[in-house]
Amino acid sequence: MKISYNWLKQIVPSLTKTPQEVAESLSRSIAEIESVSASGEDYILEVENKALNHRSDLFGHLGWGREVAAVYNKPYLPSVPSEHPTIGTLVTKPELSISIDVPAPHSRRYVGAVIENTSVVQSPAWLIDTLSSLDQRSINYLIDVTNYIMQKYAQPMHVFDRDKLPSQNISVRFAKENESITLLDDTKLTLTSKDLVIDSGGKPIALAGIKGGKVAQIDETTTNIVLESAHFDMYTVRATSRRHGIRSDASLRFEKGLNPCVAIEAMNEAITLITGTPADKQQGIRDEFPRPIKTKDTVKLSLETIKYYLNTPGRSDKDIVERLLALGFETVQKKDELEITIPSIRNDVSIAEDLYEEIGRVYDYNNTVPTLPERISTPAPRNEEWEFSFRIRELLARLGLSEVLSYTFVDSNSAGQVSNIDNGSMNVEQRFTPDKVHIANPLAPEMAYVRTSLIPSIATITKENAKRFSDFSLFEIGRVTIPHPQSLPEEPKLLCISYYSQTKTQEETLLFTKSLWRSFLEQLNITNELVNTIPFMLDLNGTSGYAYTYEIDVEMLYSLEEPKTFIPIPVSMPTMQDLSFIISEDQPVGDVINEIIEQANIFDEDISASITITDRFQSEAMKKNKTTSVTVRITFSHLEKSLSDSEVTPIREQISQTLVDTFGATIR
């Protein structure tokens, strides 16, 4: 879009700023002025069209005049040029008839007027210079007037030779399929039923909103004309333009969504420039406007609220009102309140916040002191469930486990399986029939059921990884679906831990899995019977290793977690003693260790004991007797002193006697 600085000065006569200063102000208030260049005695300000897509009024100089008047708080005084030839007479009772034969969105308004006894003459110098500075060549006065009006109002117009029209009936309609038209530049088009045309006597005389047709082109012999000022839908015009690869200044403006109310204003000034008839005395204009645009609702704003939002307490009330009036907003002040009527040309403004922006930008946002809004900041509530799940992930990752994510759907073989802990052992049972957890529209046959346990998913992933790795440990945290016959299903969050090994024996794999489980629970400070739970052995057909798994409700773990307590670090060296004993091979060693620690603490509360298994041995004789030898190293510590053998020996003897009495152990 090219903007004439001299034209802006005609619209805002009191403008004293230089072209460069105007360009700088407009760049800050509405859109970047990309260049300022001299053109004869004028200066041209150029702005990228894409920056104005929301402001169709800015494709005419009157829109830019309003912006300049508002920015500098100067009177906005548009006028009709007084120097122009008078060629023709407006027909007050024309035989012309107009109809719009398409739904309202495609064409909302069509204004036509007939002027007789005209002639094709050269334009005056001021008009030639004005159009030339905007890169439009002068053709003749009639056509130059329509181009001038387009540059002023952003409203395209067209001139038909009345005597060449097939009839005096003009209509707006859709073209017939494969109908043809020859445009002013001799381009021949084959139209579609989606193209909008201007019709006269059943023949298309113009491609609506884009370019006129050859059939009614004016030339040196033209004496009677029909002026057109119409509104066409932006989407319809754009689709036709793209379909036929034709762009024009008219289509550019129609594609931005012009306002139908401007059409009559543009027509009035065009008639004045051609015939000299003032707008208030013009008669005979045909105006087809089936659905006039309703006036927008009035928006009420408090002056104090405006100053508060824009952080400009020093601005006067008069200054705010004058700038709104300059932008075209009808504004009535009632004490501290403004009643603002939004003009129909401003489709981009509808709510109070839009008006705050209008006032702020013409004031220049650089003059607004940036301050943070006052508000009470409250932190988001803690999601303890999420935090606990995150802590579990961290603990298991530190223990060397890898997290996996699996689908929440399983096949029919795994459908309805649920884990439980029975007599200290992890088990899996078929609690639900597959039809209870079947999906109505499954993604695939192997994912036709919602899972009720994580163990089938872990088993599948373990089988796949067993093809590539000899030892690995996995975990998954996810939700399962537990159906209820009388209510919605539950969706508890479960944790599943598994360990697989090809290098260890079945017993070693079992013990290692239990050690992972115990270490994990110790980190959560869980010390109840859950620690001694025996894991469930996965059925891994086709693999050479063993795998064991645990599954537990995360919410249960959360309820069992105990807060950690800290004890002082002993200042003296600890005392270590080894203890060897023989027990049944079926006896869990963990129970034995717990009993040893308990006995040490019972004997003296100031003494703490920790135990490490240093050796396990089973001779041939022991295998026959189903016994095994275990050696443990007991570390005794006191907070304040070093322990002597005389102080440790009674504790050792008590521990030995308890092992004999409770577990039938033989002390070696």
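Which members of the stretch 120-138 meet the condition of being free of Cβ contacts under 8 Å to residues at least 40 places away in the same chain and β-branched (Val, Ile, Thr)?
Passing the criteria: 121, 128.
If I go through the stretch 482-498 residue by residue, how many of them are of a type in the set (S, T, N, Q) and either modelled with pLDDT under 95 or not assigned by TED's automatic domain parsing to the domain that holds residue 435 (or both)?
Within the stretch 482-498, residues that are of a type in the set (S, T, N, Q) and either modelled with pLDDT under 95 or not assigned by TED's automatic domain parsing to the domain that holds residue 435 (or both) number 2.
Looking at (1) under 24 Å from residue 259 (Cα atoms); (2) touching a Pro at 6+ places or on another chain (Cβ under 7 Å); (3) among the basic types (Lys, Arg), can you tell me which one residue 346 breaks?
(2)
What about residue 45, is it of a type outside the set (D, E, K, R), touching a residue at least 24 places away in the same chain (Cβ under 8 Å), more than 20 Å from residue 328 (Cα to Cα) and assigned by TED's automatic domain parsing to the domain that holds residue 114? Walk me through how you get there before you give the answer.
Working: of a type outside the set (D, E, K, R): yes; touching a residue at least 24 places away in the same chain (Cβ under 8 Å): yes; more than 20 Å from residue 328 (Cα to Cα): yes; assigned by TED's automatic domain parsing to the domain that holds residue 114: no.
Against the criterion (of a type outside the set (D, E, K, R), touching a residue at least 24 places away in the same chain (Cβ under 8 Å), more than 20 Å from residue 328 (Cα to Cα) and assigned by TED's automatic domain parsing to the domain that holds residue 114), residue 45 does not qualify.
Table: residues versus (1) over 60 Å from the mean Cα position of the chain (by Cα); (2) of a type in the set (Val, Ile, Thr); (3) outside the structural domain of residue 529 (by TED's automatic domain parsing).
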{"position": "569", "(1), (2), (3)": "no, yes, yes"}
{"position": "580", "(1), (2), (3)": "yes, no, yes"}
{"position": "596", "(1), (2), (3)": "yes, yes, yes"}
{"position": "600", "(1), (2), (3)": "yes, no, yes"}
{"position": "634", "(1), (2), (3)": "yes, yes, yes"}
{"position": "642", "(1), (2), (3)": "yes, no, yes"}
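Criterion first (assigned to a loop (DSSP other than H, G, I, E, B), assigned by TED's automatic domain parsing to the domain that holds residue 510 and either at pLDDT 90 or above or surrounded by 17 or more Cβ atoms within 10 Å (Cβ to Cβ) (or both)) does residue 397 satisfy it? So that I can check it myself, show each step before the final result.
Values: assigned to a loop (DSSP other than H, G, I, E, B): no; assigned by TED's automatic domain parsing to the domain that holds residue 510: yes; either at pLDDT 90 or above or surrounded by 17 or more Cβ atoms within 10 Å (Cβ to Cβ) (or both): yes.
When the stated conditions are applied, residue 397 does not pass them.
State all residues of the stretch 313-329 that are among the acidic types (Asp, Glu) and under 17 Å from residue 351 (Cβ atoms); if no residue qualifies, say none. Talk me through it step by step, then tell me what you get.
First, pick out the residues of the stretch 313-329 that are among the acidic types (Asp, Glu): 317, 319, 322.
Residues satisfying the conditions do not exist here.
Just to check your reading of the model, which residue among 538, 510, 516 is within 28 Å of residue 637 (Cα to Cα), touching a strand residue (DSSP E or B) at 6+ places or on another chain (Cβ under 7 Å), buried (at least 17 other Cβ atoms within 10 Å of the Cβ) and in contact (Cβ under 8 Å) with a residue 24 or more places away in the chain?
Working: 538 fails: within 28 Å of residue 637 (Cα to Cα); 510 fails: within 28 Å of residue 637 (Cα to Cα).
Going through 538, 510, 516 in turn, the sole match is 516.
Look at residue 446 and say whether it is surrounded by fewer than 17 Cβ atoms within 10 Å (Cβ to Cβ), touching a helix residue (DSSP H, G or I) at 6+ places or on another chain (Cβ under 7 Å), within 25 Å of residue 541 (Cα to Cα) and not aromatic (Phe, Trp, Tyr). Break it down into steps so the answer makes sense when it comes.
On the way: surrounded by fewer than 17 Cβ atoms within 10 Å (Cβ to Cβ): yes; touching a helix residue (DSSP H, G or I) at 6+ places or on another chain (Cβ under 7 Å): no; within 25 Å of residue 541 (Cα to Cα): yes; not aromatic (Phe, Trp, Tyr): yes.
For residue 446, the condition - surrounded by fewer than 17 Cβ atoms within 10 Å (Cβ to Cβ), touching a helix residue (DSSP H, G or I) at 6+ places or on another chain (Cβ under 7 Å), within 25 Å of residue 541 (Cα to Cα) and not aromatic (Phe, Trp, Tyr) - is not met.
Confirm whether residue 424 is small (Gly, Ala, Ser) and either surrounded by fewer than 17 Cβ atoms within 10 Å (Cβ to Cβ) or over 19 Å from residue 554 (Cα atoms) (or both).
Working: small (Gly, Ala, Ser): yes; either surrounded by fewer than 17 Cβ atoms within 10 Å (Cβ to Cβ) or over 19 Å from residue 554 (Cα atoms) (or both): yes.
It is true that residue 424 is small (Gly, Ala, Ser) and either surrounded by fewer than 17 Cβ atoms within 10 Å (Cβ to Cβ) or over 19 Å from residue 554 (Cα atoms) (or both).
Looking at the stretch 139-192, which of its residues are without any contact (Cβ under 8 Å) to a residue 12 or more places away in the chain and of a type in the set (A, V, I, L, M, F, W, C)?
Once the filter is applied, which keeps residues that are without any contact (Cβ under 8 Å) to a residue 12 or more places away in the chain and of a type in the set (A, V, I, L, M, F, W, C), the stretch 139-192 yields only 139.
Kindly establish whether residue 487 is out of contact with any Phe, Trp or Tyr (no Cβ under 8 Å at 6 or more places or on another chain), surrounded by fewer than 17 Cβ atoms within 10 Å (Cβ to Cβ) and without any contact (Cβ under 8 Å) to a residue 40 or more places away in the chain.
On the way: out of contact with any Phe, Trp or Tyr (no Cβ under 8 Å at 6 or more places or on another chain): yes; surrounded by fewer than 17 Cβ atoms within 10 Å (Cβ to Cβ): yes; without any contact (Cβ under 8 Å) to a residue 40 or more places away in the chain: yes.
The answer is yes for residue 487.
Against the condition within 28 Å of residue 86 (Cα to Cα) and among the hydrophobic types (A, V, I, L, M, F, W, C), how does residue 143 come out, does it pass? Show your work before the answer.
Values: within 28 Å of residue 86 (Cα to Cα): yes; among the hydrophobic types (A, V, I, L, M, F, W, C): yes.
Yes: the conditions hold for residue 143.
Quick one: would you say residue 321 is among the hydrophobic types (A, V, I, L, M, F, W, C), surrounded by 14 or more Cβ atoms within 10 Å (Cβ to Cβ) and in contact with a strand residue (DSSP E or B) (Cβ under 7 Å, 6 or more places away or on another chain)? Show your work before the answer.
On the way: among the hydrophobic types (A, V, I, L, M, F, W, C): yes; surrounded by 14 or more Cβ atoms within 10 Å (Cβ to Cβ): yes; in contact with a strand residue (DSSP E or B) (Cβ under 7 Å, 6 or more places away or on another chain): yes.
When the stated conditions are applied, residue 321 passes them.
Identify, please: which residue in the stretch 283-305 is surrounded by 17 or more Cβ atoms within 10 Å (Cβ to Cβ) and in contact with a helix residue (DSSP H, G or I) (Cβ under 8 Å, 6 or more places away or on another chain) and is, among those, nearest to residue 226 (Cα to Cα)?
285
Let me confirm something: among 654, 618, which residue is out of contact with any strand residue (DSSP E or B) (no Cβ under 8 Å at 6 or more places or on another chain) and of a type in the set (S, T, N, Q)?
Details: 618 fails: out of contact with any strand residue (DSSP E or B) (no Cβ under 8 Å at 6 or more places or on another chain).
Answer to the selection: 654.
Looking at the stretch 484-499, can you tell me whether even one residue there is out of contact with any helix residue (DSSP H, G or I) (no Cβ under 8 Å at 6 or more places or on another chain), assigned to a loop (DSSP other than H, G, I, E, B), closer than 16 Å to residue 408 by Cβ and of a type in the set (A, V, I, L, M)?
As a first pass, look at the stretch 484-499 and keep what is out of contact with any helix residue (DSSP H, G or I) (no Cβ under 8 Å at 6 or more places or on another chain): 484-491.
Remaining after also requiring assigned to a loop (DSSP other than H, G, I, E, B): 484-489, 491.
The next check asks that each one be closer than 16 Å to residue 408 by Cβ; those that pass are 489, 491.
From what's left, of a type in the set (A, V, I, L, M): none.
No, the stretch 484-499 contains no residue that is out of contact with any helix residue (DSSP H, G or I) (no Cβ under 8 Å at 6 or more places or on another chain), assigned to a loop (DSSP other than H, G, I, E, B), closer than 16 Å to residue 408 by Cβ and of a type in the set (A, V, I, L, M).
Name every residue in the stretch 347-382 that is touching a helix residue (DSSP H, G or I) at 6+ places or on another chain (Cβ under 9 Å) and of a type in the set (Gly, Ala, Ser), in order of residue number.
352, 360
What tally of residues in the stretch 330-356 results from selecting those that are of a type in the set (D, E, K, R), without any contact (Cβ under 8 Å) to a residue 12 or more places away in the chain and closer than 24 Å to residue 61 by Cα?
We begin by selecting, within the stretch 330-356, every residue of a type in the set (D, E, K, R); these are 330, 334-337, 339, 346, 348, 353-354.
With the extra rule that they be without any contact (Cβ under 8 Å) to a residue 12 or more places away in the chain, the set shrinks to 334-335, 353-354.
In the following step, the residues that additionally are closer than 24 Å to residue 61 by Cα were identified as 354.
Within the stretch 330-356, residues that are of a type in the set (D, E, K, R), without any contact (Cβ under 8 Å) to a residue 12 or more places away in the chain and closer than 24 Å to residue 61 by Cα number 1.
Looking at 562, 551, 522, 555 in this structure, which one is crowded, with 16+ Cβ neighbours inside 10 Å, modelled with pLDDT of 85 or more and among the acidic types (Asp, Glu)? Step through it out loud before you land on a result.
Details: 562 fails: crowded, with 16+ Cβ neighbours inside 10 Å; 522 fails: crowded, with 16+ Cβ neighbours inside 10 Å; 555 fails: crowded, with 16+ Cβ neighbours inside 10 Å.
Exactly one of 562, 551, 522, 555 is crowded, with 16+ Cβ neighbours inside 10 Å, modelled with pLDDT of 85 or more and among the acidic types (Asp, Glu), namely 551.
Condition first: surrounded by 15 or more Cβ atoms within 10 Å (Cβ to Cβ) and within 26 Å of residue 535 (Cα to Cα). Now tell me which residues in the stretch 591-609 satisfy that.
Matches in the stretch 591-609: 592, 593, 594, 595, 596, 597.
Report, ordered by the first and then the second residue, all pairs with beta carbons closer than 8 Å, sequence separation of six or more or different chains, a first member in the stretch 84-100 that is of a type in the set (Asp, Glu), and a second member that is surrounded by 19 or more Cβ atoms within 10 Å (Cβ to Cβ) and in a loop (DSSP other than H, G, I, E, B).
none
The values are calculated or read from the model by the stated rules, or taken from the named source; none is laboratory data. Nothing here was measured: the structure is a model prediction, and the numbers come from that model. FYI the Cβ positions are ideal-geometry reconstructions off the backbone, even for glycines, and counts take in every protein chain you see.
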